[in-house]
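The values are calculated or read from the model by the stated rules, or taken from the named source; none is laboratory data. Values in this document were obtained by computation on a predicted structure and should not be read as measured data. Every residue, glycine as well, gets a Cβ built from its backbone with ideal geometry; the counts of neighbours run over all protein chains shown. Areas reflect the complete protein model, heavy atoms only, side chains present, ligands, DNA and RNA absent. Shrake-Rupley method; radii C 1.70, N 1.55, O 1.52, S 1.80 Å.
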Amino acid sequence: MARARHFKHPDTKAFIEVSCQTTLYPALCIKCLARYANSNVRNEQQLAQVALTVSLYKARSTRLYMLKVAKELESIKSKECPALRDCLQQIDDSINQLSHSIRELRRFDLKAGMIDDLFWHIDNVDTWISAALTDASNCVDEFPGHRMSKMKATIKGKVMNVAQLTSNALALFHRYAARYRSATNKKP
């Protein structure tokens, strides 16, 4: 029987649930971010930061799994090695882009007074998250079809999870960035 979770900050839990409804994968979003309901996640920027961090963590753990599998496949000279290596390169790119996004998003507090400069930072984060999502999606495409080995299916599932988490992080970032865009649209 599952135990009920008690949240110290029920407002944060509700905030996460409402925010996650704007994503393509709301159930995954809530599941992955609910553990942060007892933290100090109080606004869209912090939630986007946490979502990006979760996506980065998952991409890194997926990369480690893929490196292990690649080593095994290379030892038996498998013909699946090139596809796995291509996918691994794309995951490496995703990790790099997500890392850039997280660092750039942290700078937003320092740039709050400079709205023109802020849009440049917003565009950078948007570009990097979008590129990370594209790379993860392209990696999934390296494993087409329904009839595949257990290893391929596991890799595809892990990479799809990275893509879905990155998609959610992008949606949450757009939710955050929208407040700046709407604020400048209201000015004469």
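With every protein chain present, what is the per residue accessible area of the chain (1.4 Å probe, Å²)?
Value returned for the chain: 57 Å² of accessible area per residue.
If I compute Rg/Rh (Cα atoms, Kirkwood Rh) from the structure I just sent, which labelled value in (1) 0.96; (2) 1.04; (3) 1.00 lines up?
(2)
Within the range 22-44, name every residue whose backbone N is under 15 Å away from a label modeled 7 Å from Cα of residue 178 along the Cβ vector.
22-26, 44
My understanding is that a pair violates if its Cα-Cα distance is over 30 Å; which of 13/58; 58/79; 13/152; 31/71 do that in this structure?
Where the Cα-Cα span goes over 30 Å, the pairs concerned are 13/152; 31/71.
Give the accessible area for residue 31 in Å² (nearest 10); use a 1.4 Å probe, count only protein heavy atoms, and leave out ligands, DNA and RNA.
Ignoring ligands and nucleic acids, residue 31 comes out at about 150 Å².
Return the carbon/sulfur percentage of the accessible area of the chain, one whole number, probe 1.4 Å, all protein chains in place.
The computed percentage sits at 54.
Which aspartates and glutamates have a Cα lying under 14 Å from the Cα of residue 156, excluding residues fewer than 8 positions away in the same chain?
80, 86, 135, 141, 142
Under 10 Å, Cα contacts only: if you run a Gaussian network model on the chain, which one of 88, 73, 47 comes out with the highest mean-square fluctuation?
Among 88, 73, 47, the largest GNM mean-square fluctuation belongs to 73.
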